[in-house]
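Okay, so here's the structure we're looking at.
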Amino acid sequence: MVPQSGTTFQNGAASRSDGLSPRDGATSRGGDPSRGGRVRRRILLAAVPLLAAGAAGLFLRGNPPRGAVVSEAVDRTVPPGSTLTPWGRVPAGVTIGSGVAVTGTGEVLLLHRGGGAFAADRMMDVDPVVVLDAGTGEVTRSWGAGMFASPHGVSVDGKGRVWVTDVTTNHVTVFTGDGRLERTIGHDYGFGLDTCLAVRNTLTNLRCTGDPYIFARPTDVVAGGNGRAFVSDGYRNSRVGVFDADGRFAGAWGELGDRDGAFSIPHGIALRGNGDVVVADRRNARVQVFSADGRHLATHSSAAIGRPYDVAVGPGDVLYVLDGGDALDEEGGRHRGYVVTLAGDGSVTRRWALADQDADPHQLAVGPAGEIYVAALNGPPLWRWAPR
């Protein structure tokens, strides 16, 4: 045998010409691992699962988007007579306005959390859906106690049915106009699913479920004249889910991201007169427009628009956008409360402001005569502006 470089043989035993003794990892005459060799092997064996876990973590993490930053370098002055003020004679327990909608006859529906925290785990013991007379602001009826834990968005379709999302039950619930339960859409969670979904905005490649009826904190819903409903879903699913008139899954589009067609908290949704779907993509600070089958048509983003919390379509098919500010989405972000209208190219054509810029506006609705209603999280739950 020819000795390898750096090794000599003496009396049949190997020694190191580089100064390393058998204690440093060489093999003894009998072939048993030395103490140093055993230690190194143990270290390597311990490192293998750590390296595997690290590689898996890098794979699962994917590329989560960073929240968009909205510039303050823009003039947000509103013209005289364009200020929303508190409205409605709501009972004392009606607090934390989460959603608002207007019926075809002009009635105003306020959705509130009754003082409960976001994603609270207790069912509300007060009615979260409150209906107000558009002329007097008086409450005419209410419903929903014991059915919701953290109601989030509300809308009314062309048949007068009321649609409500809940970010705790993860259901979309449909009522008749007088509050009778018609349908609930969404499957209940199995063991461990909530935990999986909770980390998926960071571990973006983590697969939690293939069930299209699983909502993950759905934010809003809108239904068209054919009964087809579009759900912005939401804080954890980053998709638009589509359901037919019978509540059956009919398709979906979107994923977590900041490219066109992707979402980072799709927070509000509306339908244009031609059937196009408009989404308030909150953390990405933009409005996206899609065809009814999910084809991306346009993206509108600017400092003048701000951070869209909701979108609504008013008379004349005018698109309204609610700028809810940056306090919940940027470290040290500022509170804001504005409503703007957009032209087809995304430019701002008109602006309104809430009288209290710290109200944290959350959802928007437009009445048949162009009235603007905003549900707000802080202070008075409902705000209004009406044309003179």
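The values are calculated or read from the model by the stated rules, or taken from the named source; none is laboratory data. Not measured: the values here are computed from a predicted model. Backbone-built Cβ (ideal geometry, glycine too); neighbour counts: all protein chains shown. Surface accessibility is based on the protein's heavy atoms, side chains included, excluding ligands, DNA and RNA. Shrake-Rupley method; radii C 1.70, N 1.55, O 1.52, S 1.80 Å.
At-a-glance table
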item: Entry for percent of Cα pairs over 35 Å apart (calculated from the structure that is shown) out of (1) 33; (2) 49; (3) 53; result: (1)
item: ³J(HN,Hα), Karplus 6.51/-1.76/1.60, whole Hz, each residue of the range 370-383, x for Gly, Pro; result: x, 5, 10, 10, 9, 8, 10, 7, 10, x, x, x, 9, 10
item: Phi-based couplings in Hz for the range 315-329 (Karplus 6.51, -1.76, 1.60; Gly and Pro marked x); result: x, x, 6, 6, 8, 10, 10, 9, 8, x, x, 10, 4, 9, 10
item: ³J(HN,Hα), Karplus 6.51/-1.76/1.60, whole Hz, each residue of the range 334-344, x for Gly, Pro; result: 8, 6, 8, x, 9, 10, 10, 10, 10, 7, x
item: Estimated distance in nm for a label pair at R295 and K159, the labels positioned 7 Å out from Cα along Cα-to-Cβ; result: 2.9
item: Of all accessible heavy-atom area on the chain, the percent that carbon and sulfur account for (1.4 Å); result: 52
item: Built amide H within the under 5 Å cut-off of L206, gap 5+; result: none
item: Additional length obtainable on full extension of the chain from V318 to D178, 0.36 nm per residue less Cα span; result: 47.5 nm
item: The chain - charge dipole about Cα centre, Lys and Arg +1 at Cβ, Asp and Glu -1, debye rounded to 20; result: 1680
item: Mean Cβ neighbour count within 10 Å, used as a protection proxy, ranking 173-183, 138-148 highest first; result: 138-148, 173-183
item: Relative contact order computed over the chain (Cα-Cα under 8 Å; 6+ residues apart), in percent; result: 14
item: The range 223-327 - charge dipole about Cα centre, Lys and Arg +1 at Cβ, Asp and Glu -1, debye rounded to 20; result: 140
item: Accessible area per residue in Å² at 1.4 Å probe, computed on the range 253-381; result: 33
item: Among 260-266, 299-305, the order from most to least packed when residues are scored by Cβ within 10 Å on average; result: 260-266, 299-305
item: R350-R207 FRET efficiency (beta carbon distance; Förster radius 25 Å; 0.05 resolution); result: 0.05
